[in-house]
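A.B. asks: The following block contains the structure, expressed as structure tokens.
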Amino acid sequence: MQINVVECHSKYLGLPAFVGRSKKQIFNFVQDRVWKKLKGWKEKFLSTVGREVLIKSVVQAIPMYVMSCFLLLMGLCEHIESMISKFWWGSKQGERKIHWIKWETLCNEKKKGGIGFRTFHEFNLVMLSKQG
């Protein structure tokens, strides 16, 4: 029948089947997927409202399933937030624009002067607490 035998499954339902010591390498696919989405939008001219909607509805939803099952590294969460922040303020390749407000302030509720973006590490803890 010429069927290949697989000794180790790398992914099951989009998640890594085995997590070893190097979590950074295993969960790097989440960062790559976020980067591909943001990179595709950088060429387009978007208003601030358009960027807000895209960040909240698409980019913050990409790692949601992984966050509900695994605790992501703090550095990975910060790097994803950094990519989103650079996209929000409109930085281009090799050129960085001024970030007028801290990212933590933008993550506050709209009532408190923020925009309502999620902090990925806190959201990860919330998603894992639902499992408990």
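Nothing in this text is a laboratory measurement; each read-out follows from the coordinates by a stated rule. For clarity, every value in this text was computed on a predicted model and none was experimentally measured. Glycine also receives a Cβ, built like all others from the backbone with ideal geometry; neighbour counts cover every protein chain displayed.
A.B. asks: Once the dipole of the range 47-132 is set up with Lys and Arg at +1 and Asp and Glu at -1 on Cβ about the Cα centre, which of M127, V49, P63 lies farthest towards its positive end?
C.D. replies: Farthest towards the positive end: V49.
A.B. asks: Relative to the Cα centre, what is the charge dipole magnitude of the range 47-132, using +1 at the beta carbon of each Lys and Arg, -1 at the beta carbon of each Asp and Glu, and rounding to the nearest 20 debye?
C.D. replies: Roughly 260 debye for the range 47-132.
A.B. asks: Let me know the shape class of the range 61-132, please: from the alpha-carbon gyration tensor, a ≥ b ≥ c as square roots of the eigenvalues, rounded when a/c is under 1.5, otherwise prolate if a/b is greater than b/c, or oblate.
C.D. replies: Judged from the Cα gyration tensor, the range 61-132 comes out oblate (a/c at least 1.5, b/c at or above a/b).
A.B. asks: Number of Lys pairs in the range 47-132 with C-alpha atoms less than 23 angstrom apart, excluding same-chain neighbours closer than eight positions?
C.D. replies: Final tally of qualifying lysine pairs is 16.
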